[in-house]
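Let me begin by presenting the structure, written as structure tokens, before commenting on it.
FYI, it's all coordinate maths here, none of it is from the lab. Not measured: the values here are computed from a predicted model. Cβ placement follows ideal geometry from the backbone for every residue including glycine, while neighbour counts extend to all protein chains displayed.
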Ligand code: NAP
């Protein structure tokens, strides 16, 4: 299917690895020029070089922390006029409700709620003036069904979800859509670190931790960044203009809910 995105320009935050990289690669495959970002320059440059070679699209790299105001300004200055924004950042650490203090919540809110909001606020006026735009926020299945040890994530991402629910309906008239993609477990470094937490808590091996988690997923496996990226590219496509303010689970059926 032709996604109708050739020549568009996208900023994909936190995209040297994992789900962000999956999104960047799928957009590049559709002919989109990219601005890619991560904190570590080496992995970012390597990922960008692969994409330039494989898909023959322009790729600009910006090594910075997207969760800081300075990082956001640097990114936005490099990005210029954007057609597509994919927001992403690392997730907050797991823990216990009784351990988290105000500063822990402020850090989580900054990274996983206020950063995507700041980026949207900066790019939406240009998209609306040009009459076309796509925003995809990478959030988590935890906004539909909370994960106890990820209380910081549950809290911050649910706040973003509420913001998107309202804002997406305020900008849709101008040809701009905002939607959220909600990953369940995917085979990325984040999954490795979550499984490592289980090995430490339960005294089991990484294989056992993975098998234990896979058994809870109807698809009996972890998702791939390629599948995730393809869903993102479709949401950004010309065909998805009537999809507004949705929260789309990509979780192999793992979230046991009816709607
Ligand atoms: P990942 O494999 O660990 O990759 C994270 C990427 O983001 C890397 O490129 C990393 O590069 C970059 N990054 C992290 N913090 C950043 C920051 N502050 N500024 C700029 N770049 C940053 O993680 P992932 O699995 O793709 O997860 C992406 C998001 O989805 C996370 O928020 C995660 O919590 C959420 N999620 C993931 C899963 C899953 O199963 N994978 C499930 C639910 C939710 P640098 O380290 O060099 O900055």
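Mind listing whichever residues of segment 211-220 are surrounded by fewer than 14 Cβ atoms within 10 Å (Cβ to Cβ) and outside any helix (DSSP H, G or I)?
215, 216, 218, 219, 220
In segment 80-108, which residues are within 16 Å of the ligand (Cβ to nearest atom), outside any loop (DSSP other than H, G, I, E, B) and surrounded by 21 or more Cβ atoms within 10 Å (Cβ to Cβ)?
85, 86, 87, 108
Kindly indicate which of 43, 47 is within 10 Å of the ligand (Cβ to nearest atom), buried (at least 19 other Cβ atoms within 10 Å of the Cβ) and in a helix (DSSP H, G or I). Explain how you work it out, then say what you get.
Working: 43 fails: buried (at least 19 other Cβ atoms within 10 Å of the Cβ).
Criteria check complete, one pass: 47.
Is it true that residue 71 is surrounded by 17 or more Cβ atoms within 10 Å (Cβ to Cβ), within 11 Å of the ligand (Cβ to nearest atom) and assigned to a loop (DSSP other than H, G, I, E, B)?
Working: surrounded by 17 or more Cβ atoms within 10 Å (Cβ to Cβ): yes; within 11 Å of the ligand (Cβ to nearest atom): yes; assigned to a loop (DSSP other than H, G, I, E, B): no.
The answer is no for residue 71.
Mind listing just one residue for me: the one in segment 181-210 that is more than 11 Å from the ligand (Cβ to nearest atom) and surrounded by 13 or more Cβ atoms within 10 Å (Cβ to Cβ) and, of those, nearest to residue 19 (Cα to Cα)?
Filtering segment 181-210 down to residues more than 11 Å from the ligand (Cβ to nearest atom) leaves 196-210.
Pick out the ones that are also surrounded by 13 or more Cβ atoms within 10 Å (Cβ to Cβ) and you get 197-199, 204, 208-210.
Numbers: 197: 20, 198: 22, 199: 23, 204: 27, 208: 24, 209: 21, 210: 19 Å.
Restricting to residues being more than 11 Å from the ligand (Cβ to nearest atom) and surrounded by 13 or more Cβ atoms within 10 Å (Cβ to Cβ), the top hit is 210.
If only one of 7, 31 is part of a loop (DSSP other than H, G, I, E, B), in contact with a strand residue (DSSP E or B) (Cβ under 8 Å, 6 or more places away or on another chain) and away from the ligand (no atom under 16 Å from the Cβ), which one is it?
Values: 31 fails: in contact with a strand residue (DSSP E or B) (Cβ under 8 Å, 6 or more places away or on another chain).
None of the others qualify; the one that does is 7.
Being within 30 Å of residue 4 (Cα to Cα), touching a helix residue (DSSP H, G or I) at 6+ places or on another chain (Cβ under 8 Å) and part of a helix (DSSP H, G or I) is true for just one of 111, 122. Which residue is that? So that I can check it myself, show each step before the final result.
Values: 111 fails: within 30 Å of residue 4 (Cα to Cα).
Only one candidate qualifies: 122.
State yes or no: is residue 164 touching a residue at least 40 places away in the same chain (Cβ under 8 Å), assigned to a strand (DSSP E or B) and more than 10 Å from the ligand (Cβ to nearest atom)? Reasoning before the result, please.
Working: touching a residue at least 40 places away in the same chain (Cβ under 8 Å): yes; assigned to a strand (DSSP E or B): no; more than 10 Å from the ligand (Cβ to nearest atom): yes.
It is false that residue 164 is touching a residue at least 40 places away in the same chain (Cβ under 8 Å), assigned to a strand (DSSP E or B) and more than 10 Å from the ligand (Cβ to nearest atom).
Out of all the residues in segment 225-247, is one or more more than 22 Å from the chain's Cα centre (by Cα) and on the phi < 0 side of the Ramachandran plot?
no
Exactly one condition in (1) away from the ligand (no atom under 14 Å from the Cβ); (2) under 15 Å from residue 28 (Cα atoms); (3) assigned to a helix (DSSP H, G or I) is false for residue 60; which is it?
For residue 60, the exception is condition (3).
Can you tell me which of (1) within 22 Å of residue 117 (Cα to Cα); (2) in contact with a helix residue (DSSP H, G or I) (Cβ under 9 Å, 6 or more places away or on another chain); (3) loosely packed, with under 13 Cβ neighbours inside 10 Å; (4) touching a residue at least 24 places away in the same chain (Cβ under 8 Å) is the one residue 173 doesn't meet?
Only one criterion in (1) within 22 Å of residue 117 (Cα to Cα); (2) in contact with a helix residue (DSSP H, G or I) (Cβ under 9 Å, 6 or more places away or on another chain); (3) loosely packed, with under 13 Cβ neighbours inside 10 Å; (4) touching a residue at least 24 places away in the same chain (Cβ under 8 Å) is unmet by residue 173, namely (4).
Could you list, in sequence order, the residues of segment 222-259 that are assigned to a loop (DSSP other than H, G, I, E, B) and either within 12 Å of the ligand (Cβ to nearest atom) or in contact with a strand residue (DSSP E or B) (Cβ under 7 Å, 6 or more places away or on another chain) (or both)? Break it down stepwise before answering.
Applying the first criterion (assigned to a loop (DSSP other than H, G, I, E, B)) to segment 222-259 yields 222, 224, 237, 241-246, 251-259.
222, 224, 241, 243, 244, 245, 246, 251, 252, 254, 255, listed by residue number.
Just to be sure before I move on: is residue 156 more than 17 Å from residue 243 (Cβ to Cβ) and in a helix (DSSP H, G or I) in the structure I sent? Explain how you work it out, then say what you get.
Values: more than 17 Å from residue 243 (Cβ to Cβ): yes; in a helix (DSSP H, G or I): yes.
Taking the combined requirement at face value, the residue satisfies it.
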